[in-house]
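Colleague: Input: one structure, supplied below.
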2 protein chains.
Amino acid sequence: MEEQVELVGKAFVDHYYHLFDNNRLSLASLYQPTSMLTFEGQQIQGGDGIARKLSELPFDHCQHLITTIDSQPSSSPGGVLVFVSGNLQLAGEEHELKFSQMFHLIPTLLGSFFVQNDIFRLNYG
Amino acid sequence: MEEQVELVGKAFVDHYYHLFDNNRLSLASLYQPTSMLTFEGQQIQGGDGIARKLSELPFDHCQHLITTIDSQPSSSPGGVLVFVSGNLQLAGEEHELKFSQMFHLIPTLLGSFFVQNDIFRLNYG
């Protein structure tokens, strides 16, 4: 069970940041109308609003470099909590930014997962 | 509702780190047998084991200085997800350590909350 939860967390993180770094608008597919994002303290609800927010961030291209992934089963049936830390490299910027992010993944009827909760913070040096 | 969730998050964070910085063993009261902690990648289950782990950390005294608190309702009835960033000052150490931590709080029958999920990471500069 714990191993399964770790596999889900790692697979999700790979998929999420690959989409983020290559096609941000497609992240909408990972959220649902009930989903919540808190991005640097700003709260947004619903997949469309979340994908719009992420696509309007003021940089064209970025790359996430993941440092740690910690996953736990949540008390929602089949749910998984994923906690990520890493570096964010923005195109044209010399220095990387450190970030932390957490996701609450909930199983879909199709055997996949969607993001119910998403909280993102830059860790200012 | 959202305001209530933020109040719960802030009150919990105040309480948790006050206990941590003043009487680490008493943190056991905030966990239950189902609770999970992942501390710098190490997984521990159950309030007794978690409190023992926290009380055995290799420093006598510390102070948490909180930078950000982000809270969202979870999909567990009455549950709250809390995401914290801040600095950890260890007694006798010159430099503060940056940390991020997330909690999944679940209501108790007595109208309080316990910590079901707890993930802690230092953010190495």
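Colleague: How about the stretch B:100-120: which of its residues are surrounded by 22 or more Cβ atoms within 10 Å (Cβ to Cβ) and either small (Gly, Ala, Ser) or within 15 Å of A:TYR124 (Cα to Cα) (or both)?
Modeller: Residue satisfying the conditions is B:SER100 alone.
Colleague: Select from the stretch A:64-94 the residues that are in a loop (DSSP other than H, G, I, E, B) and touching a strand residue (DSSP E or B) at 6+ places or on another chain (Cβ under 7 Å) and write down the one among them that is surrounded by the fewest Cβ atoms within 10 Å (Cβ to Cβ). Even if it seems obvious, please write down each step before you answer.
Modeller: Taking the stretch A:64-94 first, the residues in a loop (DSSP other than H, G, I, E, B) are A:74-79, A:91-94.
Of the ones still in play, those that are also touching a strand residue (DSSP E or B) at 6+ places or on another chain (Cβ under 7 Å) are A:74-76, A:78-79, A:91.
Numbers: A:SER74: 27, A:SER75: 17, A:SER76: 19, A:GLY78: 13, A:GLY79: 22, A:ALA91: 9.
Among them, the one singled out is A:ALA91.
Colleague: When residues of the stretch B:90-107 are filtered for being at pLDDT 95 or above and either within 18 Å of B:HIS15 (Cβ to Cβ) or more than 10 Å from chain A (Cβ to nearest Cβ) (or both), how many remain?
Modeller: Qualifying residue count, the stretch B:90-107: 8.
Colleague: If the requirement is being part of a helix (DSSP H, G or I), in contact with a Phe, Trp or Tyr (Cβ under 7 Å, 6 or more places away or on another chain) and touching a residue at least 24 places away in the same chain (Cβ under 8 Å), which of these qualifies: B:LEU27, B:LEU105?
Modeller: Values: B:LEU105 fails: part of a helix (DSSP H, G or I).
Sole residue among the options that is part of a helix (DSSP H, G or I), in contact with a Phe, Trp or Tyr (Cβ under 7 Å, 6 or more places away or on another chain) and touching a residue at least 24 places away in the same chain (Cβ under 8 Å): B:LEU27.
Colleague: Quick check on my filter: what residues within the stretch B:23-43 are more than 18 Å from B:SER100 (Cα to Cα) and more than 14 Å from the chain's Cα centre (by Cα)?
Modeller: The answer is B:PRO33, B:THR34.
Colleague: Next up: Exactly one of these conditions fails for A:SER55: (1) within 24 Å of B:GLU2 (Cα to Cα); (2) of a type in the set (Ser, Thr, Tyr); (3) in contact (Cβ under 8 Å) with a residue 24 or more places away in the chain. Give me its number.
Modeller: Unmet for A:SER55, out of (1) within 24 Å of B:GLU2 (Cα to Cα); (2) of a type in the set (Ser, Thr, Tyr); (3) in contact (Cβ under 8 Å) with a residue 24 or more places away in the chain: (1).
Colleague: What number goes with the only condition from (1) more than 7 Å from every other protein chain (Cβ to nearest Cβ); (2) more than 13 Å from the chain's Cα centre (by Cα); (3) outside any strand (DSSP E or B) that B:ALA51 does not pass?
Modeller: Here B:ALA51 meets the rest and fails (2).
Colleague: So which of B:ASP14, B:ASP118 is in a strand (DSSP E or B) and either closer than 21 Å to A:VAL115 by Cα or away from chain A (no Cβ under 13 Å) (or both)?
Modeller: Matching residue, one of B:ASP14, B:ASP118: B:ASP118.
Colleague: Residues B:LEU57, B:LEU37: which one is within 14 Å of chain A (Cβ to nearest Cβ), out of contact with any Leu (no Cβ under 7 Å at 6 or more places or on another chain) and outside any helix (DSSP H, G or I)? Before the answer, list the steps.
Modeller: On the way: B:LEU57 fails: within 14 Å of chain A (Cβ to nearest Cβ).
Residue meeting the stated conditions: B:LEU37.
The values are calculated or read from the model by the stated rules, or taken from the named source; none is laboratory data. Not measured: the values here are computed from a predicted model. FYI the Cβ positions are ideal-geometry reconstructions off the backbone, even for glycines, and counts take in every protein chain you see.
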